[in-house]
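To keep things clear, I will list the structure first and then write my remarks on it.
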Amino acid sequence: MFHLLERYTTESVTSGHPDKVCDQISDAILDACLTQDPAARVAVESFGSHGTLMLGGELKTSARIDPEHIARDVYRDIGYTDELKILNTIAVQSPDIAQGVDTGGAGDQGIMYGYATDETEEYLPKGVVLAHALARRLEALRRDGTLSWAKPDGKTQVTIDKGGVITALTSTQHAEDVSQEEIRTALIEHLFTPVLGDVSDIEILVNPTGKFVLGGFTADAGLTGRKIMVDTYGGIAPHGGGAFSGKDSTKVDRSAAYMCRLVAKNLVANGYGKKAVVSVAYAIGRAEPVMVEAYSDEGKSLTDIVNKHYDFKPAAIIERLGLRKPIFRETAAYGHFGVAGRSWEIVEKI
């Protein structure tokens, strides 16, 4: 259940990475529905590839939205200027699913995990925090003009050994007329050093292929839900396999994972362990979980404490975390956890 290796690697991606473009489009459509109809049922997938974007999934809502317009706005806001052909195949939610959810049941079966560690103030593994920090700053440097040659697509990666960074990597899309030497020099000055501090003993890797001019959907396909480790704990903790983006909170893949994170973080913050893992499982249409388990890094069961203080029924989670609000596009890049102000990151006494 717990990460025990002294050496590990985690990654992040910028908002312009094709998978993350799809996550943001799916969550922007979700937010648009929730803005008009807080009880909207939404399960929207996006798939982009070489000039074409396909929207699919299901809605049950009174909201009147234009998914194609929303998708184009997100795409342009991220920084892409090429035109997209959009195919919209979004349909009405199956009544077979709706009948169970209408009574407060889970929108699907599945297993969700939450994790926390005391090694950083974000209660996340150090590598996860640094990989996201590098990716966020890379985008900020593009948007503020510091890196005038930078384009939207990018990835970061950090290798930790015995608590310290030994390798840091960035692949960044760039203009044709800039040299790799110029890119490396600028990134060491403006990206790696401000985030990591002294980098003299860190192996710095920049655009290992030697060139990254083509990016986004022009170079690669993107798909909602294909960066679930970037979204969560960087592969350091278990994952039930369910993606978050494009799903309203009756889908426990999202809401219960947020709840598990809240619980794990508060177990650590309240001194029940240096690390904690929380797991919950559901049957579709049933409100009560089929399982709730929690453990500390010492192998101590914390399940009784969790069951005493927390209600994992979907309706209770939605109410506690305020998940009927249009808050989700902002979560769709740079990780869903460790960001101050999100309701599942609140520390409370238990």
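Listed values, structure above:
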{"quantity": "Where GluC sites (Glu not before Pro) fall in DSSP loop in the range 108-153, at most 14 other Cβ within 10 Å", "calculated": "E121"}
{"quantity": "Mean Cβ neighbour count within 10 Å, used as a protection proxy, ranking 301-308, 244-251, 329-336, 313-320 highest first", "calculated": "244-251, 329-336, 313-320, 301-308"}
{"quantity": "Relative intensity, log₁₀ I(q)/I(0), of the range 203-348 from a Debye sum that treats every alpha carbon as a point, q = 0.17, 0.19, 0.21 Å⁻¹", "calculated": "-0.99, -1.19, -1.42"}
{"quantity": "Computed [θ] at 222 nm, helices only, for the chain once each DSSP H run of length n ≥ 4 contributes -39500 (n - 2.57)", "calculated": "-9000 deg cm²/dmol"}
{"quantity": "Candidate lysines for bridging to K275, where Cα separation is under 20 Å - those fewer than 8 sequence places away on the same chain excluded", "calculated": "K126, K162, K265, K300, K308, K349"}
{"quantity": "Of C260, L169, L191, farthest towards positive along the dipole that unit charges on Lys, Arg, Asp, Glu beta carbons give the range 128-263", "calculated": "C260"}
{"quantity": "Evaluated at q = 0.13, 0.14, 0.20, 0.29 Å⁻¹: base-10 log I(q)/I(0), Debye formula over Cα of the range 155-217", "calculated": "-0.36, -0.41, -0.78, -1.33"}
{"quantity": "Mean Cα-pair separation over length for the chain, i.e. relative contact order, pairs under 8 Å, 6 or more apart, %", "calculated": "28"}
{"quantity": "Dipole magnitude (debye, nearest 20) for the range 149-281, charges at Cβ of Lys, Arg, Asp, Glu", "calculated": "900"}
{"quantity": "Highest average packing first - 62-70, 26-34, 80-88, 227-235, Cβ atoms within 10 Å", "calculated": "26-34, 227-235, 62-70, 80-88"}
{"quantity": "Amide N of the range 1-42 lying under 17 Å from the label point, which is placed 7 angstrom from the Cα of S343 along Cα→Cβ", "calculated": "30-42"}
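Laboratory data are not the source of any read-out in this text; all were calculated from the coordinates shown. Bear in mind that the values here come from a model prediction, so they are computed numbers and not experimental data. Virtual Cβ from ideal backbone geometry, glycine too; neighbours counted across all protein chains shown.
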